[in-house]
Amino acid sequence: MEITEKILEQKFREYNLLYFQSDLPLPRFGLLKSYSICGYFSCAKITGRRRLKRQKIEMSCRFDWEENDFRDVLVHEMIHYYLAYKHIDNELTHGEAFQKMSQDFNQNFGLHITEKVDCSQFKPSPNASRFMFYLFKYLY
Ligand SMILES: [Zn+2]
């Protein structure tokens, strides 16, 4: 599956409803041109209990995503978003709160959310440059 910002938004809405009771306001979306980072959540530095600002979810467009991998990575980023939004974990870590929430999701919804994702196992997008892909593999 090739991803676009439109697909990210559609899937975000779907998972927000399924897993987060549509609690999360729509963030901005972006595409990463990376083989090493498959997903990324960011927002303006949060101090105290202020409202989140400039929250953004980015995912790599360099892979031909399997539906399940895509879901697990996007929901992983959404857990970071949720924990920051609720001021449970402003530091976006994989600490206790993240562990607990991802384990609950895995058990209750049959997801496979992990702390780290080995995206070297993912298929590269047919549109991505083969050369860059092999160069990357070689360098890392
Ligand atoms: Zn993470």
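Descriptive notes on the structure:
- Rounded to whole numbers, the Karplus 3J(HN,Hα) couplings from phi for the stretch 41-48 are 10, 9, 7, 5, 3, 9, 10, x Hz, using 6.51 cos²θ - 1.76 cosθ + 1.60 with θ = phi - 60°, and x at Gly and Pro.
- Environment charge at Tyr40 (Cβ cut-off 10 Å; Lys +1, Arg +1, Asp -1, Glu -1): -1
- For the chain, the longest principal axis of the Cα atoms and the long axis of helix 130-139 meet at an angle of about 70 degrees.
- Chain lengthening between Ile88 and Asp23 when straightened (0.36 nm per residue, less Cα-Cα): 22.0 nm
- Degrees separating the helix 96-109 axis from the principal Cα axis of the chain, which is the longest one: 70 degrees
- Dipole of the chain computed with +1 at Lys/Arg Cβ and -1 at Asp/Glu Cβ about the Cα centre; of Leu26, Phe63, Ile3, farthest Cα towards the positive end is Leu26.
- Fraction of antiparallel bridges per DSSP, the stretch 5-139 only, in percent to nearest 5: 50 percent
- Ranked by how many other beta carbons lie within 10 Å on average, peptides 45-51, 8-14, 119-125, 58-64 from highest: 58-64, 8-14, 119-125, 45-51
- Cross-link reach is defined here as a Cα-Cα straight distance under 27 Å, omitting same-chain residues fewer than 8 places apart; for Lys33 the lysines meeting it are Lys6, Lys11, Lys45, Lys53, Lys56, Lys116, Lys123, Lys137.
- Contact order normalised by residue count of the chain, Cα under 8 Å, 6+ apart, percent: 24 percent
No lab work stands behind these numbers, since they all come straight from the coordinates. Just so we're clear, the structure is a prediction, and the values are computed from it rather than from any experiment. Methodologically, a virtual Cβ is constructed for each residue, glycine included, from the backbone with ideal geometry; neighbour enumeration extends over all protein chains shown.
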